[in-house]
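Worksheet: one structure, shown below.
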Amino acid sequence: MLMKSDTPLQDATDEGTPVSVKIRERLAQARKRFNANDNIAKFIEPGELEKLLDEVTGKMQGVLDSLVIDTATDHNTHNTARRVAKMYLNEVFKGRYVHAPTITEFPNAEHLNELMIVGPITVRSACSHHFCPVIGKIWIGVLPNEHTNVIGLSKYARLAEWVMGRPQIQEEAVVQLADLIMEKTQPDGLAIVMEASHYCMAWRGVKDMDSKMINSVMRGVFLKDSTLRREFLALIPQKG
Ligand SMILES: [Zn+2]
């Protein structure tokens, strides 16, 4: 026999709904993409990140159980599910769940219009394919104009950290970072070079410890002006 509940159906179903399902429903309703390297902070309500942490802990515990690891008696893995959940949500994939760092932009009062290079900035990410670390460096070249907003040098690192703090694909990561810097500062030209070791190549797969992936993205005048492009590439210290 079916039990009849006095609680209104809405509340009853909402109570047991995992918070990730609620967030996904909002994303679906807004027709927003939520790929691994998308930021979804706008769809998370206050207090939900803590609930998400509990949910991921429970699911991570299930992974450990299925790996047949005795987390009850093995003190080394006793709190591993919680530690991994915290690492994902609050550290290495934080760039998915929090809003962009607040960056104060200033007008270009000095009318700077010379090529400026920032780097190397150390970047840490993980590949979307295996969730293995991707660690490397980026160099950013900016050609400002009189209307370009100026941001402090350390701010480039903070923007990079936000973009890289998601499961990423290197080619897409540099494009996301370029879009973000273009939007924030609107320079005449922007160039980004990223060089990184992918640990899914070193730890597993071909187990090649030395292979690195280098890619670049050019915007604005860097696309048209090969002299400028060469100047930027020549000024980047020898990679490797
Ligand atoms: Zn990988």
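The values are calculated or read from the model by the stated rules, or taken from the named source; none is laboratory data. Predicted model, so just to flag it, every value in this text is computed and none were measured. Here the Cβ positions follow ideal geometry from the backbone for every residue, glycine too, while neighbour counts run over all protein chains shown. When the accessible area is computed, the model is the full protein with side chains, heavy atoms only, and any ligands, DNA or RNA have been set aside. Shrake-Rupley method; radii C 1.70, N 1.55, O 1.52, S 1.80 Å.
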Inset, instruction - Give the residues of the stretch 107-144 that are away from the ligand (no atom under 16 Å from the Cβ) and small (Gly, Ala, Ser), sorted by residue number. - result: ALA109, GLY119, GLY141
Inset, instruction - Would you check if there is a residue in the stretch 165-182 being more than 16 Å from the ligand (Cβ to nearest atom), over 23 Å from LEU223 (Cβ atoms) and not aliphatic (A, V, I, L, M)? - result: yes
Inset, instruction - Report whether or not PHE93 is open to solvent by 30 Å² or more (accessible area, probe 1.4 Å) and of a type in the set (Phe, Trp, Tyr). - result: no
Legend entry - Residue satisfying all of: in the stretch 23-70; open to solvent by 60 Å² or more (accessible area, probe 1.4 Å) and of a type in the set (Gly, Ala, Ser); farthest from ILE169 (Cα to Cα) among these: SER66
Inset, instruction - Determine which member of the set ILE117, ILE135, ILE140 is farther than 13 Å from PRO167 by Cα, in contact (Cβ under 8 Å) with a residue 24 or more places away in the chain and surrounded by fewer than 17 Cβ atoms within 10 Å (Cβ to Cβ). - result: ILE117
Inset, instruction - Could you pull out the residue among LEU89, LEU52, LEU67 that is over 15 Å from the mean Cα position of the chain (by Cα), within 19 Å of TRP162 (Cβ to Cβ) and modelled with pLDDT of 95 or more? - result: LEU52
Inset, instruction - Could you please find all residues in the stretch 169-196 being open to solvent by less than 10 Å² (accessible area, probe 1.4 Å), in a strand (DSSP E or B) and not aliphatic (A, V, I, L, M)? - result: GLY189
Legend entry - Subset of the stretch 207-240 that is among the β-branched types (Val, Ile, Thr) and in contact with a helix residue (DSSP H, G or I) (Cβ under 8 Å, 6 or more places away or on another chain) - its residue that is most open to solvent (accessible area, probe 1.4 Å): VAL221
Inset, instruction - Take PRO101 and decide whether it is part of a loop (DSSP other than H, G, I, E, B) and more than 16 Å from the ligand (Cβ to nearest atom). - result: yes
Legend entry - Pair list, Cβ < 7 Å and 6+ apart or interchain, from the stretch 19-38 residues that are part of a helix (DSSP H, G or I) to residues that are open to solvent by 80 Å² or more (accessible area, probe 1.4 Å): VAL19/LYS51; LEU27/PHE34
